[in-house]
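Structure, as structure tokens:
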Amino acid sequence: MTELSPIALGFLGSLAAGSLTAIGAVPVLFGRVPSRATRDMALGFAAGVMLAASFFSLIIPALDAAEPMFENGAMPAAIVCISILLGMGAVALMNERLPHEHFKTGREGPEAASLRRVWLFIIAITIHNFPEGLAVGVGFGADGLSGGLPLAIGIGLQNAPEGLAVAVSLLGEGYPRARAWGIAALTGLVEPVGGLLGAGIITLSQPLLPWGLAFAAGAMLYVISHEIIPETHRSGHQNRATLGLAIGLVLMLFLDVWLG
Ligand SMILES: [Zn+2]
């Protein structure tokens, strides 16, 4: 393992994490779908992992990376704050722009509205998988195995319920099982692309590290607030969703301290 370059580690780590999206969606292939309450709890878990990962594995390392670069104490914080807002803004913009033209034509009425909501959710999952891959890649690129491993495990774990959620929502729209699974699997394949890029950029340019880490955190925070938490609360399972979030949050925190 130690003979692998940080870039190879970043790619393999993010590929492994991304593959858990497809694995999480497997129950759909057999038509065995867990209850909505269970799925909402699992998705809440994903939100908790992402929340902790954005702070402990991205924002704090971003501050640590920025601090030695500046004399002025406010600069590192300013850079990280700006990058977080840029990351959030980038996903907000993509959410606004991408689906509209695409889904306004086509079906009409309430059916179209629910199909559109499902695809918005899928696009949000796909978009945020990119910064997740980026984060894993950056972790390996910046700090080798100990920097990337907690992120790869945490991100991988929260990908499974995300993959399941995507596949189940497509199933609900009448997609055949294999198609629903295939689309869910595809959303996870964005992750190694981000991983390769993240590890590559960080290996080439250390000064970009704080920007990249905080940008990835911002993108994840936007998706947590705008897509994942609302989705887990839509069917009245707030308590279970919050329990899932709490478990995900402390698990990721623990992984980060223990392995990082
Ligand atoms: Zn996620």
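Just by accessible area at a 1.4 angstrom probe, what is the order of 211, 119 from largest to smallest?
Descending order: 211, 119.
What percent does the relative contact order of the range 6-259 come to when contacts are Cα pairs within less than 8 Å and at least six residues apart?
Computed over the range 6-259, the figure is 47 percent.
If Lys and Arg each add +1 and Asp and Glu each add -1, what is the summed charge of the other residues whose beta carbon sits under 12 Å from the beta carbon of residue 159?
That works out to -3.
If you build the Cα gyration tensor of the range 6-259 and take the root of 5 times each eigenvalue, what three semi-axes come out, in whole angstrom, biggest first?
Semi-axes, largest first: 31, 19, 17 Å.
Leaving ligands, DNA and RNA out of it, report the carbon-plus-sulfur percent of the accessible area of the chain at a 1.4 Å probe.
That share works out to 70 percent.
Got a sec to turn the phi values of the range 35-49 into Karplus ³J(HN,Hα) couplings, 6.51 cos²θ - 1.76 cosθ + 1.60 with θ = phi - 60°, whole Hz, x for Gly and Pro?
4, 4, 4, 5, 5, 5, 5, 5, 6, x, 4, 4, 4, x, 4
The values are calculated or read from the model by the stated rules, or taken from the named source; none is laboratory data. As the structure is a computational prediction, the values presented were derived from the model and not from experiment. Note: ideal-geometry Cβ built from the backbone for every residue, glycine included; neighbour counts use all protein chains shown. For the accessible areas, the whole protein counts, side chains as well, though only heavy atoms, and no ligand, DNA or RNA atoms are used. Shrake-Rupley method; radii C 1.70, N 1.55, O 1.52, S 1.80 Å.
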